[in-house]
Each structure stands twice: as structure tokens, then as C-alpha cells.
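**Q** There's a structure below that I have some questions on.
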Amino acid sequence: MKLLVLNGPNLNMLGIREPSVYGHQTYDDLCTLIRDHAAKIGADVEIYQSNHEGDLVDKIQSAYQRVNGIVINPAAYTHTSVALLDALKAVGIPAVEVHISDVSKREEFRQVSYVRPYCRATIAGHGFNGYLEAMDLLMAEANV
Ligand code: DQA
């Protein structure tokens, strides 16, 4: 079982950016948590972060026929990117959308998600744990 965890713009700034919203843990802390969880559940995980929409599209395309599940936090591109939605549709790999914060309780522009219609589930407001829950969901789906 191969999982790809994708993170969009500014998530490399975790620990520095708006700690009252995203907490004090860093992006490296998040990667460690994800790797440890992958080892626990027996998944092979690749983690990728980019501040550039096209890089994220390229990464999704590169997962075609190579990856069994995608965990995606598109960050700000959640609310703007038809390109990410189309890339997910193109590869047809099961995906779960994750947000560290509870976007449903934030500004109105964060209520829109372009990737949501494609994703199996959206997990928001569970902090870093949301990524682990998403990995579990994809593992469970693969084992049905
Ligand atoms: C986010 C929420 C987005 O609205 C925001 O642009 C982010 C992070 C989250 O994880 O809570 O960068 O996706």
C-alpha cells in the first residue's frame, strides 16, 4: 500500500505561521508523525510539499498507477484550484482532503473547496491528527 501525502502553500511554515490557528508544531514534526504512523499501519508513504500549484499537479500526475491513496491538504489552493481537482480526477486515485484548522468555522472564502467533490472524505479541525485519520481511511478502503 503506497500513500502520497500532499501539502500545499505555506504549510512548510507550520510552527511559525499563525500558531493560534495552526499550533506550534513544525512541518518537520508533521512529517515525523506521518512517517511513524505509516510504519505502524504498514503503509509506504511519500510526503511532498510545494508552494506552487503546478508542482502539486505534477506530483498528482506522477502518482498515476504508482500510488493507492492520496492525502491532500491543498491549503489556500483548496479554495481556488480547478487544476488540482482535475488532476485528482485524471489519475482516479482515492483521496481524502485534510485541513488542520476547522475551515467551516473560518472566513466565508474558506467554505469553498474545489477538491471536496472528488475526495472520499474531508477531515478538518483535527490538527495534525487529521492526516493520520485520512491515512487510516484510505488503508481501510484498500482492504475492503
Ligand atoms: C488549511 C486551511 C486553508 O484555508 C489555508 O489556506 C491553509 C491551511 C488548513 O490546513 O487548515 O493554508 O488548509
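**Q** What is the sum of charges around LEU3, taking Lys and Arg as +1, Asp and Glu as -1, for the other residues whose C-beta is under 10 Å from the C-beta of LEU3?
**A** Neighbour charge sum, excluding LEU3 itself: -1.
**Q** How high is the relative contact order of segment 2-142? Use alpha-carbon pairs under 8 Å, at least six apart in sequence, and give a whole percent.
**A** 26 percent
**Q** Could you work out [θ]222 nm for the chain from helices alone, using -39500 (n - 2.57) per DSSP H run of at least four and dividing by all its residues? Round to the nearest 500 deg cm²/dmol.
**A** -11000 deg cm²/dmol
**Q** Next question. Just to check I understand the Karplus step: with θ = phi - 60° and J = 6.51 cos²θ - 1.76 cosθ + 1.60, what whole-Hz values come out for segment 49-54, glycine and proline as x?
**A** Working through the residues one at a time gives 10, 8, 8, 10, 4, x Hz.
**Q** Under a Cβ-only charge scheme (Lys and Arg +1, Asp and Glu -1), can you give me the dipole magnitude of segment 2-142 about the Cα centre, in debye to the nearest 20?
**A** The dipole of segment 2-142 has a size of about 180 debye.
**Q** Let me ask you something else. When the accessible area of the chain is split by element with a 1.4 Å probe, what percent falls to carbon and sulfur?
**A** 50 percent
**Q** Let me ask something additional. Provide the per-residue ³J(HN,Hα) series for segment 120-135, in order, calculated from phi with Karplus coefficients 6.51, -1.76, 1.60 and θ = phi - 60°, each as a whole number of Hz, with x at glycine and proline positions.
**A** Per-residue couplings from phi come out as 5, 7, 10, 10, 9, x, 9, x, 5, 4, x, 5, 5, 4, 5, 4 Hz.
**Q** I've got another one for you. Roughly how many Å is it from the Cα centre of segment 17-57 to that of segment 66-144, as a whole number?
**A** Using only Cα atoms, the two centres lie 13 Å from each other.
**Q** Taking segment 33-136, which chymotrypsin sites (Phe, Trp or Tyr not before Pro) meet the DSSP loop condition and have no more than 15 other C-beta atoms within 10 Å?
**A** TYR64
**Q** With a 1.4 Å probe and every protein chain left in place, work out the accessible area per residue of the chain in Å², rounded to a whole number.
**A** For the chain, the per-residue accessible area is 48 Å².
**Q** Something else: Excluding ASN51 itself, calculate the net charge of residues whose Cβ lies under 14 Å from the Cβ of ASN51, where each Lys or Arg counts +1 and each Asp or Glu counts -1.
**A** Net charge in that neighbourhood comes out at -1.
**Q** Mind listing the long-range amide H neighbours of ALA95? Cut-off is under 5 Å, sequence gap 5 or more, other chains count too, H placed in the peptide plane at 1.01 Å from N.
**A** Placed amide hydrogens put ILE70, ARG120 under 5 Å from ALA95.
**Q** Net charge near ALA124, counting Lys/Arg +1 and Asp/Glu -1 over other residues with Cβ under 12 Å of its Cβ?
**A** It works out to a net charge of +1.
**Q** Under a GNM of the chain (C-alpha, springs under 10 Å), which listed residue has the highest mean-square fluctuation: LEU84, LEU132, LEU33?
**A** LEU33
The values are calculated or read from the model by the stated rules, or taken from the named source; none is laboratory data. Bear in mind that the values here come from a model prediction, so they are computed numbers and not experimental data. Positions of Cβ are generated from backbone atoms using ideal geometry, with glycine treated the same way; all protein chains shown enter the neighbour counts. Side chains are part of the model used for accessible areas, which takes the heavy atoms of the whole protein and leaves out ligands, DNA and RNA. Shrake-Rupley method; radii C 1.70, N 1.55, O 1.52, S 1.80 Å.
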